[in-house]
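*Asks:* Input: one structure, supplied below.
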Amino acid sequence: MGDKNDRRDSVRNMAAAAGGPGGNPGAPSGAQVPAVESPCQGVCVVGFLDQRCHGCGRTIEQIQNWLSYSEQQRKTIMQTIKERSGGR
C-alpha cells in the first residue's frame, strides 16, 4: 500500500513543480498567480507517440517552461489544447 501512496505523492510533487495543483514553486514569494493558471490535472503521464501529457495535453517543453511563458503564450497553448480536445 505504501507504493501507491508514494506514487501519488510523486505525481503531486511533479504537478506542483509544473505550476499545477499543489502550488507554484517557480514564482517568487508573494508573487501573484499567473492570469492563465496551469492546466495541470496531477496526471503526469506523457504518451510515447504524441509526446503530450495525458492529463493536461501539454508537451514536456510546455510543462517545463509554463511559468516563464507570457500570458499570451499560455492563452495560445490553452486554446490549442481546447481545440485538440474538441472543446472540452
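*Asks:* Could you run through the range 41-61 and say how many residues are surrounded by 15 or more Cβ atoms within 10 Å (Cβ to Cβ) and closer than 14 Å to S85 by Cβ?
*Replies:* So the count comes out to 7.
*Asks:* Select from the range 13-61 the residues that are part of a helix (DSSP H, G or I) and not small (G, A, S) and write down the one among them that is modelled with the highest pLDDT.
*Replies:* This residue is E61.
*Asks:* So, one more: Consider only pairs whose beta carbons are under 6 Å apart and that are at least six residues apart or on different chains; among these, list those whose first residue lies in the range 48-59 and is more than 16 Å from T76 (Cβ to Cβ) and whose second residue is modelled with pLDDT under 90 and of a type in the set (D, E, K, R).
*Replies:* So the pair list comes out empty.
*Asks:* Follow-up question, since we're still on this one. Go through the range 62-88 and give me each residue that's assigned to a loop (DSSP other than H, G, I, E, B) and surrounded by 14 or more Cβ atoms within 10 Å (Cβ to Cβ).
*Replies:* Y69
*Asks:* Among the residues of the range 60-88, write down those that are of a type outside the set (A, V, I, L, M) and within 13 Å of C40 (Cβ to Cβ).
*Replies:* The answer is Q62, Q64, W66, R74.
The values are calculated or read from the model by the stated rules, or taken from the named source; none is laboratory data. On a predicted model such as this, the values are computed, not experimentally measured, just so you know. Reconstructed Cβ throughout: ideal geometry from the backbone, glycine too, with neighbour counts over all protein chains shown.
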